[in-house]
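The values are calculated or read from the model by the stated rules, or taken from the named source; none is laboratory data. Treat the numbers as computed from the prediction; the structure is a model and nothing was measured. Backbone-built Cβ (ideal geometry, glycine too); neighbour counts: all protein chains shown.
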Amino acid sequence: MNDLKKIFTSKRISLFVRLVVGITFIYASIDKIAVPQYFQQIVQEYKIVGGFFSWLLSLVLPWIELTLGIFLLIGLWPRFTAAAIALILLMFIIALTIVAIRGQEIDCGCFSLKSSDLNKENPISLIIRDLAMLIAIVFVFVHEVFRMKKPSG
């Protein structure tokens, strides 16, 4: 149990994960912010939300990704930020699971909006990637919880 506690209290591991996930979220937001109409088309391809909601999601989500990525990098409100990123990743995983159940291959719109049939992927590989990031961000959250606990005794 002490080894597990050492891992979860490691500042280096937490910093590394924060950097990787933060940079990933910032990078993922850039094209979406620059060209929201293309991102809206990709959101509509999921066939989960349409019309006004796909427009709203395509405008708001990239700015949330950018903000949370920056917060994670600079260490601002790390527990809140990690929890918010975990919720977003869960949302992505649920959307991708719906697409997988339907048997669709889609352009996830994650990092580049240059949509083409070459960008279409099997959603299972995207789910695995998002699950890995979810595990990583849960690590950051747990690290922050351990860090905030005061030693007993």
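Only residues that are within 19 Å of the chain's Cα centre (by Cα) and polar (S, T, N, Q): list them for the range 1-43, please. Reasoning before the result, please.
Of the range 1-43, the ones within 19 Å of the chain's Cα centre (by Cα) are 13-34, 36, 39-40, 42-43.
Result: 14, 24, 29, 40.
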Pairs returned, first residue in the range 123-152 that is farther than 16 Å from residue 22 by Cα, second residue that is acidic (Asp, Glu) and surrounded by fewer than 20 Cβ atoms within 10 Å (Cβ to Cβ), beta-carbon separation under 8 angstrom, 6 or more apart or interchain, are 123/105
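Results for (1) in contact with a strand residue (DSSP E or B) (Cβ under 6 Å, 6 or more places away or on another chain); (2) at pLDDT 90 or above; (3) loosely packed, with under 13 Cβ neighbours inside 10 Å, shown as yes or no for each residue.
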{"site": "66", "(1), (2), (3)": "no, yes, no"}
{"site": "96", "(1), (2), (3)": "no, yes, no"}
{"site": "104", "(1), (2), (3)": "no, no, no"}
{"site": "110", "(1), (2), (3)": "no, no, no"}
{"site": "114", "(1), (2), (3)": "no, no, yes"}
{"site": "135", "(1), (2), (3)": "no, yes, yes"}
{"site": "140", "(1), (2), (3)": "no, yes, no"}
{"site": "148", "(1), (2), (3)": "no, no, yes"}
{"site": "153", "(1), (2), (3)": "no, no, yes"}
Selection from the range 38-70 of residues that are free of Cβ contacts under 8 Å to residues at least 12 places away in the same chain and in a helix (DSSP H, G or I): 44, 51, 52, 53, 56, 60, 67
Give the range 71-93 a look and list any residue that's part of a helix (DSSP H, G or I) and farther than 21 Å from residue 129 by Cα, or say none. 71, 74, 78, 79, 80
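Could you say whether any residue in the range 75-85 is charged (D, E, K, R), free of Cβ contacts under 8 Å to residues at least 24 places away in the same chain and touching a helix residue (DSSP H, G or I) at 6+ places or on another chain (Cβ under 9 Å)? Steps first, please.
Looking only at the range 75-85, we keep the residues that are charged (D, E, K, R), and these are 79.
The next check asks that each one be free of Cβ contacts under 8 Å to residues at least 24 places away in the same chain; those that pass are none.
There is no residue in the range 75-85 that is charged (D, E, K, R), free of Cβ contacts under 8 Å to residues at least 24 places away in the same chain and touching a helix residue (DSSP H, G or I) at 6+ places or on another chain (Cβ under 9 Å).
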Cross-chain or 6+ apart pairs with Cβ under 9 Å, the range 10-28 first and assigned to a helix (DSSP H, G or I), then basic (Lys, Arg): 11/147; 14/147
